[in-house]
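The values are calculated or read from the model by the stated rules, or taken from the named source; none is laboratory data. Just so we're clear, the structure is a prediction, and the values are computed from it rather than from any experiment. So basically every Cβ, Gly included, is an ideal-geometry build from the backbone, and we count neighbours across all protein chains shown. Please note that ligands, DNA and RNA were not included when accessible areas were found on the heavy atoms of the full protein model with its side chains. Shrake-Rupley method; radii C 1.70, N 1.55, O 1.52, S 1.80 Å.
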There are 2 protein chains.
Amino acid sequence: MPELEPMQNFLTELRRGSLTLAVLGSLRQPRYGYALLQTLQEQNIDIEANTLYPLLRRLESQELLTSDWDTSESRPRKYYTLSRKGKEVFSRLLKEWESMQASISAVCGKGENHE
Amino acid sequence: MPELEPMQNFLTELRRGSLTLAVLGSLRQPRYGYALLQTLQEQNIDIEANTLYPLLRRLESQELLTSDWDTSESRPRKYYTLSRKGKEVFSRLLKEWESMQASISAVCGKGENHE
DNA sequence: CATTATACTGTGTGTCGCACTATATTGTCA
DNA sequence: TGACAATATAGTGCGACACACAGTATAATG
């Protein structure tokens, strides 16, 4: 899709990376993918299943998450949780995020008028 | 660099996209690349020349920026400024950024303890 | 004659979106 | 009841694009 809606691309790029932060933050309690998806969407975090599942597996392979199948219910669900390493990374990313907020605010004029 | 400092990669990804926002926000007044670089670094926005210059050209090719060579001084400088389109995109990205702040705060626990 | 100021290019890697596949469990309706 | 759709749940493969990095290039300045 070359030129359909270029704005969309900017938004995508902006959200990029923050998705990881949001996922890590949401997995301080165990959750399975499908539920996580809905949690995030309720928070206005625009991510779709096709993006989330690979992200979860990537984070697991990077050892930020651990996963366990819960087969006690009729429908098996794969629960993900933050590992110790994941908690550390989350904490540092959150700090960075907060620092970025300050920087962006400074550069973009905190509260100034931009039309 | 496969496994040297994986943390660095997470940070890079997190910052990604925000760079564009920061650059757009900084170019509401005309600036040339080298000066912009230093402005951003003073604001703790970690970007290097090799990243900034391609970014500027990309934004120009996407018609968010316009550029003009100033050759009146001994050292020629290429001044970039937000175009009308650039202002629109900036405004929308900034809104998205603010919305993301809220979402991330909600998901990551606004002010809760995370150690 | 080294350093700084200033700008550009090419290559690799990683993430994300998107379009798929796959399956079991519900719910609906003839 | 039995057919069929919808939902819940998870996965894969591919392509686009942006960023980091390591280069090149040149003119002014100290």
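Scanning segment B:27-62 for residues that are closer than 22 Å to residue B:75 by Cα and either touching a residue at least 40 places away in the same chain (Cβ under 8 Å) or of a type in the set (Gly, Ala, Ser) (or both) returns B:27, B:29, B:30, B:31, B:32, B:33, B:34, B:35, B:36, B:49. Only residues that are within 15 Å of DNA strand D (Cβ to nearest atom), open to solvent by 90 Å² or more (accessible area, probe 1.4 Å) and more than 13 Å from every other protein chain (Cβ to nearest Cβ) were counted across segment B:34-90, and they come to 11. Going through (1) free of Cβ contacts under 8 Å to residues at least 60 places away in the same chain; (2) within 8 Å of chain B (Cβ to nearest Cβ); (3) buried (at least 20 other Cβ atoms within 10 Å of the Cβ); (4) farther than 30 Å from residue B:85 by Cα one by one, residue A:14 falls short only on (4). Kindly check whether there is at least one residue in segment A:45-63 that is of a type in the set (Val, Ile, Thr), more than 17 Å from the chain's Cα centre (by Cα) and more than 16 Å from residue B:108 (Cβ to Cβ). Taking every residue of segment A:45-63 in turn, none turns out to be of a type in the set (Val, Ile, Thr), more than 17 Å from the chain's Cα centre (by Cα) and more than 16 Å from residue B:108 (Cβ to Cβ).
For segment B:74-86, does any single residue satisfy the condition of being more than 9 Å from DNA strand C (Cβ to nearest atom) and touching a residue at least 60 places away in the same chain (Cβ under 8 Å)? Yes, segment B:74-86 contains a residue that is more than 9 Å from DNA strand C (Cβ to nearest atom) and touching a residue at least 60 places away in the same chain (Cβ under 8 Å).
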